[in-house]
Amino acid sequence: MSESLFECLRGQCESQGFDLCHPFHTGWYNTLIEDEGHVKSGVLKKLSVPPPSRFFGDNTTNTSVCNAVLLGNTKKIWPYFLEFLKEKYEEEKKRLGNSEEALKLVLDEPFDKFCTMKLQKIFEEIHKKSSGENGEEFEYDFFWSHGKCNRMKSAGKKNGTSHLITLESDENLMVSMQRAAVVTGHYWHDVDGTKLCIHPKFGTWSSFRAVVLIRNKCEVSFDHELIPKAAPSLLSRPIPDSEIAKAQEIMKVALGLTMNGDILSTKYGESLCQFLHSTVVEGSDWSKISPSMRSWIHLRDCISLGRSEYRFENPQLLYHYTRDS
C-alpha cells in the first residue's frame, strides 16, 4: 500500500505539470548543510528528522528510508499554469462583475498560488486514498521555495472520509532547494559557475517548488542503523570545464550590471491582459528586457546539456525571470 502512495503522488503531480518528484531523507540534507558550514553560520537551519515514512514503502523498496520529497517541474508546467490563470480570471470576473478588478486579483502572486493550490489538492487526494484503504494517516510539512511554511494534518472524518486542514506557520524556514536536490542523487550543484542545480537530462531547465516532510501519524518502529548518515550517492559533474568557465564570465557581467542599477521594468499586467484575450504577450519580446536581466537568463542558457529539448519557451522563461513572485 505505502509504495503505491508514493507512486500515486508521483503520477498525480505529473498530471498537473509537477513532473519532478524525488524522495530523500532529511538527515542527509542536514548533514550536507552542516558540512558546508551553513548551520554554524546561521544561514540555514536543520530540518526535523522523523522516522522514515511508510508513505514511501516497506523495507523491500529503495525509498523505504525516506521521509521527505522534493517537488518541482520542467517546462511541462507552463500550459497547466496558463490554464489556471484563464480559469481564475473567468471565475473572478464572473464573481466581481469587473474585468479590471478580476485581473488585479489574479495577478497577485499567481504562480505561488498555482503551486500551493494544486500541490495541496494533490496531497488531499492522497490522504483520502491512504486513510480510506488501510486507515493509515500522515501529516505533511510544506517548505515552499519562497520561504513560507505550512502543515496539513487530519481534521477527522466527515461522511466517513478523512479530511485535512492546513495550518499556516508564523515562522518561515528557508530550505535550500538546491541542497535538497543534491541529496536526492539526481542533481549536481554548480557552485562555481551558474550556481544552479544541473540534471543529467534536463540540464539547468528544472525548477523546485517545495520540500514536503511526511510524518507517520502513528508511531513507527524503525531501525535507524539502516539509514545512511549521508546521501547514499551523489551525482558527478555532468558538464565540461569550458561551460563552467563561460558561466563564470557571464556571472561577472550579470553582477556588474545589477550592481550598477540596471533594473527591469515591464508593463506586466497589460501583457497578461493581452494574453488572456489571445493576443501577443509583450514579455516575449526580448528587446524589452534589460541588459542585466538578459545576462541572468544567458547564465542559465550557457549550459548546453538539455538545452535543445528542455529549454523553457520564451514566455515561460521571461515570466520566471521578471515576475516569478
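The values are calculated or read from the model by the stated rules, or taken from the named source; none is laboratory data. Predicted, not measured: the structure shown is a model, and the values here were computed from it. Note: ideal-geometry Cβ built from the backbone for every residue, glycine included; neighbour counts use all protein chains shown. Ligands, DNA and RNA are stripped out before the accessible areas are found, and what is left, the full protein with its side chains, is counted by its heavy atoms. Shrake-Rupley method; radii C 1.70, N 1.55, O 1.52, S 1.80 Å.
Test Gly27 against the stated conditions and say whether it is surrounded by 19 or more Cβ atoms within 10 Å (Cβ to Cβ), touching a strand residue (DSSP E or B) at 6+ places or on another chain (Cβ under 8 Å) and at pLDDT 90 or above.
Values: surrounded by 19 or more Cβ atoms within 10 Å (Cβ to Cβ): yes; touching a strand residue (DSSP E or B) at 6+ places or on another chain (Cβ under 8 Å): no; at pLDDT 90 or above: yes.
So Gly27 fails the test.
Please enumerate the residues belonging to segment 146-172 that are closer than 23 Å to Glu7 by Cα, surrounded by 19 or more Cβ atoms within 10 Å (Cβ to Cβ) and modelled with pLDDT of 90 or more.
Across segment 146-172, the qualifying residue is only Met152.
Working carefully through the options Val175, Val211, find the one that is open to solvent by less than 20 Å² (accessible area, probe 1.4 Å), out of contact with any helix residue (DSSP H, G or I) (no Cβ under 6 Å at 6 or more places or on another chain), under 25 Å from Phe55 (Cα atoms) and not in a helix (DSSP H, G or I). Break it down into steps so the answer makes sense when it comes.
Details: Val211 fails: out of contact with any helix residue (DSSP H, G or I) (no Cβ under 6 Å at 6 or more places or on another chain).
Only one candidate qualifies: Val175.
Would you point out the residue of segment 18-34, among those that are in contact (Cβ under 8 Å) with a residue 24 or more places away in the chain and assigned to a helix (DSSP H, G or I), that is farthest from the chain's Cα centre (by Cα)?
Going through segment 18-34, the residues in contact (Cβ under 8 Å) with a residue 24 or more places away in the chain turn out to be 18-29, 31-33.
Next, only the ones that are assigned to a helix (DSSP H, G or I) stay: 26-29, 31-33.
Details: Thr26: 16, Gly27: 20, Trp28: 19, Tyr29: 16, Thr31: 21, Leu32: 19, Ile33: 19 Å.
By that ranking, first place goes to Thr31.
Of Ser53, Ser99, Ser15, which residue is open to solvent by less than 30 Å² (accessible area, probe 1.4 Å) and either free of Cβ contacts under 8 Å to residues at least 60 places away in the same chain or of a type in the set (S, T, N, Q) (or both)? Steps first, answer last, please.
Numbers: Ser99 fails: open to solvent by less than 30 Å² (accessible area, probe 1.4 Å); Ser15 fails: open to solvent by less than 30 Å² (accessible area, probe 1.4 Å).
Exactly one of Ser53, Ser99, Ser15 is open to solvent by less than 30 Å² (accessible area, probe 1.4 Å) and either free of Cβ contacts under 8 Å to residues at least 60 places away in the same chain or of a type in the set (S, T, N, Q) (or both), namely Ser53.
State all residues of segment 102-140 that are acidic (Asp, Glu), in a helix (DSSP H, G or I) and open to solvent by 70 Å² or more (accessible area, probe 1.4 Å); if no residue qualifies, say none.
First, the residues of segment 102-140 that are acidic (Asp, Glu): 108-109, 112, 124-125, 133, 136-137, 139.
Still in the list and also in a helix (DSSP H, G or I): 112, 124-125, 133.
Matches in segment 102-140: Glu133 only.
Test each condition in (1) hydrophobic (A, V, I, L, M, F, W, C); (2) assigned to a loop (DSSP other than H, G, I, E, B); (3) within 16 Å of the chain's Cα centre (by Cα) for Leu9 and report the one that comes out false.
(2)
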